[in-house]
Amino acid sequence: MGIKGLQGFVARVCPDACRMVDLKETAERHRINHPDFPPVIVVDAMNCVRYWYTPEFWVCGGQWREYLANLEDFIKAFMAAGIELVFYFDGVVEEKKRDEWIKRRCQNNKEIARIFQFIKTHRRQPGREMFTIPSALPTFTRYALKSLGQKTVCTLREADFEVAAYGLQHNCIGILGQDSDYLIYNTCPYFSIEKLRLDRLVTIMYSREDLCRTLGLSLMHLPLFASLLGNDVVPESLLEDFWHKCLVTSPHKNNSYSRRANILLAVANYISKVPCSYSSLKHLEETLPLGSDKTLLYRGVESYLLPGQQSPWIPSNLRNSQVVCLQQQTTLCQDQEIFQLAKEQHIQSENYTIFNILSNGELECSNSLEDYCDTEIPGQALIYRPARQHIYSVLLESEKGGACPLVKEWFVYFGNPLQQPELIQPVQPSVPGGMPNLKTLWFAKGPDVEKQRYSTFLACFHLQDGMEELQALEAPVAGFCCLLAYLMMQVSSLSLEDLNAFVALVLSLKGKSAAQLAELQLEQVDPRAVHLGAVFVRGLTTLLMANSACGFPFRMDDLMPWKVFDGKLFQEKYQQSHRGCPLEELLEGNESLYAPFHNLKSFICKVCMVKKRTIQSRPRGNEFITGMQQRQFNPRFQQRRRSFVPPYHNQMRGFLWRNPQPQGREYGLGHQGQRRRFQLPPR
């Protein structure tokens, strides 16, 4: 979260603390002073994703191949200067930040509602001033960077602490991010991602020392300074009276500054007169209205102390007891071999959410670009809940003598106030031959186990009867079909036109480079297609979760959006399909795609028919359905419309896609040996 107003304060009140630095020169100085250690920058990736995502279109679900190409360019710029990068991602939402997390999710809901209102009014994407990152962008950025050969770390606690600790312990030349907490930690220099000029590798470095000179403080004062301004531990609401007292006695008030800037100066003036001791901290805690928890201030200061650091405000023996308490937290998973592997894979960004479930049985999912006025399509959190319940069962069934513990979910969707977690009951999937235990799925070897992994994965999506057909497909297409078939079964309002659009998308995408996709132009944007794009991309994260739980029957690489999805291309196919365009236009005149189109479509329709789900034709043309019209539509009542009966002849084995990749800037291309692939072999 950072310290409210501190970044702006530094820029306006103490500009000397904002220095333009040349990262190439900084790296060269490091090489001279430390010839045995390469220059390394540790990157707070969660701070950076919105700056990395520069494709023109963002509202349609993500321009994933364009984004991947941008990440590759970013890495190449640093590699050319001989700078190594280490990327850190938040792996948990700590309980102390839950209230702030909920507050931001509610604010994001309002912003997303405004985006959809703009699209419905203007039939186009809003400007960058309303920019919201595509759904699941941080998740897939992790795997993108890993596939590009980068060291990628998923944290066990809040990322800013681990980033600051890594920077200090490994003598990094700096931290790249956008979080004022990096001005408080006593660690390596803090570089701005917002001010970075990639073409010249120059950016702003924020100097703690110069900030301290302006404030009349020393570095050891900064943790207390941050805590008395309000941070992740000490709520601002408890500090208003204290700030007023500081403002009254401050000699540094300046009418040309904002109230927040004057508060920062006044609090710094107050702290500068307080002796640096534990007794002073205890006295402050007694004078502040901290309620029943008088340790808030202590914990706020302690949260900024990195491993090996001491503070005059906190006795070392007290701090050590806190560390012991942290290490003694209990977990749901009692099998240490399973838990240790899940933890290692979590840190190395190899699995997805598994450690969170096994450690504390808690999971969260942020906002998606979903239209809350469209009641025909449930929230993605509800669509994928049955699949998640099966995944929870795979992970937890054997942990409590056969009785699964409930899983706490913090998922954002319409109607969920997020006042407390929802308690979700795991449900055992129907696996042919019975569900294998987790040790078998994760550690056993051999063709029979490979089959068990695959069938358990499919059972999570109610597709266990389609194993033979799906295994005949290339892996990314098989994963795509799993997700699309599940979606068509779960959402009764999805139509033949929607199905045609998705199938045409995956077939047409294969031959397109990032540059070709960037050139694609849309005459208009359809809000329902925006919603469906976000739902589909969130579904890919559910595939990742199932794949991780089942022992990796797929390479994680094969379930990535740049293999099967492009937002603009889906918009185009969606609008063509709902206008009733012929198959020739839908598949861009490529006759070699006609048979694969019918085969994939027939397979999905066959799976749905087995589940008594008939997919109906419901063309929407170019009309935009208003929110009121949508709320008058009852998705449980469907008029009789023409439906598609598949001419199914088990032709899937003829559709293997063994052709070489076309040339161009898309994932998996480039010179041999220049890019390492991410593949986790089954354990």
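The values are calculated or read from the model by the stated rules, or taken from the named source; none is laboratory data. Owing to the predicted nature of the structure, the values given are computational and were not obtained by experimental measurement. Quick reminder, even Gly has a Cβ in these numbers, built from the backbone with ideal geometry, and neighbours come from all protein chains shown. The protein model used for the area step is the full one, side chains on, heavy atoms only, and it has no ligands, DNA or RNA in it. Shrake-Rupley method; radii C 1.70, N 1.55, O 1.52, S 1.80 Å.
Report the residue count in the stretch 47-64 for those that are touching a residue at least 60 places away in the same chain (Cβ under 8 Å) and assigned to a loop (DSSP other than H, G, I, E, B). Give the steps one after another, and end with the answer.
From the stretch 47-64, those touching a residue at least 60 places away in the same chain (Cβ under 8 Å) are 47-53, 55-64; that's our starting set.
Filter once more, so that each one left must be assigned to a loop (DSSP other than H, G, I, E, B): 53, 55-63.
Summing the residues that are touching a residue at least 60 places away in the same chain (Cβ under 8 Å) and assigned to a loop (DSSP other than H, G, I, E, B) in the stretch 47-64 gives 10.
Take the conditions surrounded by fewer than 20 Cβ atoms within 10 Å (Cβ to Cβ), in contact (Cβ under 8 Å) with a residue 12 or more places away in the chain and within 27 Å of residue 314 (Cα to Cα) and apply them to residue 168. Does it pass?
Against the criterion (surrounded by fewer than 20 Cβ atoms within 10 Å (Cβ to Cβ), in contact (Cβ under 8 Å) with a residue 12 or more places away in the chain and within 27 Å of residue 314 (Cα to Cα)), residue 168 qualifies.
Within the stretch 470-489, count every residue that is part of a helix (DSSP H, G or I), over 16 Å from residue 537 (Cβ atoms) and open to solvent by 10 Å² or more (accessible area, probe 1.4 Å).
3
Of the numbered conditions (1) closer than 15 Å to residue 485 by Cβ; (2) in contact with a Leu (Cβ under 6 Å, 6 or more places away or on another chain), residue 564 satisfies every one except a single condition; which is it?
It fails just one condition, (2).
So, in the stretch 424-451, of the ones that are under 20 Å from residue 465 (Cβ atoms), touching a helix residue (DSSP H, G or I) at 6+ places or on another chain (Cβ under 7 Å) and not aliphatic (A, V, I, L, M), which residue ends up most open to solvent (accessible area, probe 1.4 Å)?
The residue in question is 428.
If residue 625 satisfies all but one of (1) surrounded by 15 or more Cβ atoms within 10 Å (Cβ to Cβ); (2) of a type in the set (A, V, I, L, M); (3) modelled with pLDDT of 95 or more, what's the number of the condition it fails?
Only one criterion in (1) surrounded by 15 or more Cβ atoms within 10 Å (Cβ to Cβ); (2) of a type in the set (A, V, I, L, M); (3) modelled with pLDDT of 95 or more is unmet by residue 625, namely (3).
Condition check ((1) out of contact with any Ser or Thr (no Cβ under 8 Å at 6 or more places or on another chain); (2) of a type outside the set (Gly, Ala, Ser); (3) open to solvent by less than 10 Å² (accessible area, probe 1.4 Å); (4) in contact (Cβ under 8 Å) with a residue 60 or more places away in the chain) across all residues:
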| position | (1), (2), (3), (4) |
| --- | --- |
| 351 | no, yes, yes, yes |
| 363 | no, yes, yes, no |
| 382 | yes, yes, no, no |
| 386 | yes, yes, no, yes |
| 395 | yes, yes, yes, yes |
| 403 | yes, no, no, no |
| 407 | yes, yes, yes, no |
| 418 | yes, yes, yes, yes |
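Given the options 29, 50, name the one that is closer than 30 Å to residue 140 by Cβ and open to solvent by 20 Å² or more (accessible area, probe 1.4 Å).
50
Taking the stretch 125-150 as the region of interest, how many residues are within 21 Å of residue 347 (Cβ to Cβ), among the hydroxyl-bearing types (Ser, Thr, Tyr) and either open to solvent by 10 Å² or more (accessible area, probe 1.4 Å) or over 13 Å from the mean Cα position of the chain (by Cα) (or both)?
2
Of 559, 569, 532, 543, which residue is crowded, with 24+ Cβ neighbours inside 10 Å, over 27 Å from residue 56 (Cα atoms) and touching a residue at least 40 places away in the same chain (Cβ under 8 Å)? Spell out the reasoning first.
Working: 559 fails: over 27 Å from residue 56 (Cα atoms); 569 fails: over 27 Å from residue 56 (Cα atoms); 532 fails: over 27 Å from residue 56 (Cα atoms).
It is 543.
Note down all Cβ pairs under 6 Å where the first residue falls in the stretch 109-135 and is within 20 Å of residue 521 (Cα to Cα) and charged (D, E, K, R), the second is open to solvent by less than 30 Å² (accessible area, probe 1.4 Å) and not in a helix (DSSP H, G or I), and they're at least six residues apart or on different chains.
Close Cβ pairs satisfying both conditions: 124/525.
State all residues of the stretch 285-322 that are at pLDDT below 70, open to solvent by 60 Å² or more (accessible area, probe 1.4 Å) and either under 30 Å from residue 443 (Cα atoms) or of a type outside the set (Gly, Ala, Ser) (or both); if no residue qualifies, say none.
Correct list: 320, 322.
Within the stretch 136-178, restricting attention to residues that are in a helix (DSSP H, G or I) and acidic (Asp, Glu), which residue is farthest from residue 523 (Cα to Cα)? Lay out the reasoning, then the answer.
Residues of the stretch 136-178 that are in a helix (DSSP H, G or I), as a first pass: 137-147, 159-169.
Those left that are additionally acidic (Asp, Glu): 160, 162.
Details: 160: 42, 162: 45 Å.
This residue is 162.
Could you say which residue among 88, 67 is outside any helix (DSSP H, G or I) and surrounded by 19 or more Cβ atoms within 10 Å (Cβ to Cβ)?
Within the list 88, 67, the selection yields 88.
Go through the residues of the stretch 295-314 one by one and say whether even a single one is more than 17 Å from residue 186 (Cα to Cα) and over 32 Å from the mean Cα position of the chain (by Cα).
yes
State all residues of the stretch 179-213 that are crowded, with 20+ Cβ neighbours inside 10 Å, touching a Phe, Trp or Tyr at 6+ places or on another chain (Cβ under 7 Å) and assigned to a loop (DSSP other than H, G, I, E, B); if no residue qualifies, say none.
Of everything in the stretch 179-213, those that are crowded, with 20+ Cβ neighbours inside 10 Å, touching a Phe, Trp or Tyr at 6+ places or on another chain (Cβ under 7 Å) and assigned to a loop (DSSP other than H, G, I, E, B) turn out to be 184, 185, 193.
So, of the residues in the stretch 29-46 that are in contact with a strand residue (DSSP E or B) (Cβ under 9 Å, 6 or more places away or on another chain) and in a loop (DSSP other than H, G, I, E, B), which turns out to be nearest to residue 111 (Cα to Cα)?
Out of the qualifying residues, it is 39.
Have a look at 573, 568, 606, 612 and point out the one that is out of contact with any Phe, Trp or Tyr (no Cβ under 6 Å at 6 or more places or on another chain), modelled with pLDDT of 50 or more and part of a helix (DSSP H, G or I).
Numbers: 568 fails: out of contact with any Phe, Trp or Tyr (no Cβ under 6 Å at 6 or more places or on another chain); 606 fails: out of contact with any Phe, Trp or Tyr (no Cβ under 6 Å at 6 or more places or on another chain); 612 fails: part of a helix (DSSP H, G or I).
Selected residue: 573, the only one of 573, 568, 606, 612 that is out of contact with any Phe, Trp or Tyr (no Cβ under 6 Å at 6 or more places or on another chain), modelled with pLDDT of 50 or more and part of a helix (DSSP H, G or I).
So residue 261 fits all but one of (1) at positive phi; (2) out of contact with any Ser or Thr (no Cβ under 7 Å at 6 or more places or on another chain); what number is the exception?
Residue 261 satisfies every listed condition except (1).
Spot the failing condition for residue 458; the list is (1) in contact (Cβ under 8 Å) with a residue 12 or more places away in the chain; (2) over 28 Å from residue 610 (Cα atoms), and only one is missed.
(2)
For the stretch 227-265, which positions are open to solvent by less than 20 Å² (accessible area, probe 1.4 Å), of a type in the set (Val, Ile, Thr) and not in a loop (DSSP other than H, G, I, E, B)?
Result: 263, single match.
I need every pair where a residue in the stretch 594-623 that is more than 18 Å from residue 471 (Cα to Cα) has its Cβ under 6 Å from the Cβ of a residue that is among the aromatic types (Phe, Trp, Tyr) and open to solvent by 20 Å² or more (accessible area, probe 1.4 Å), sequence separation at least 6 or different chains.
Listed pairs, sorted by first residue: 615/644.
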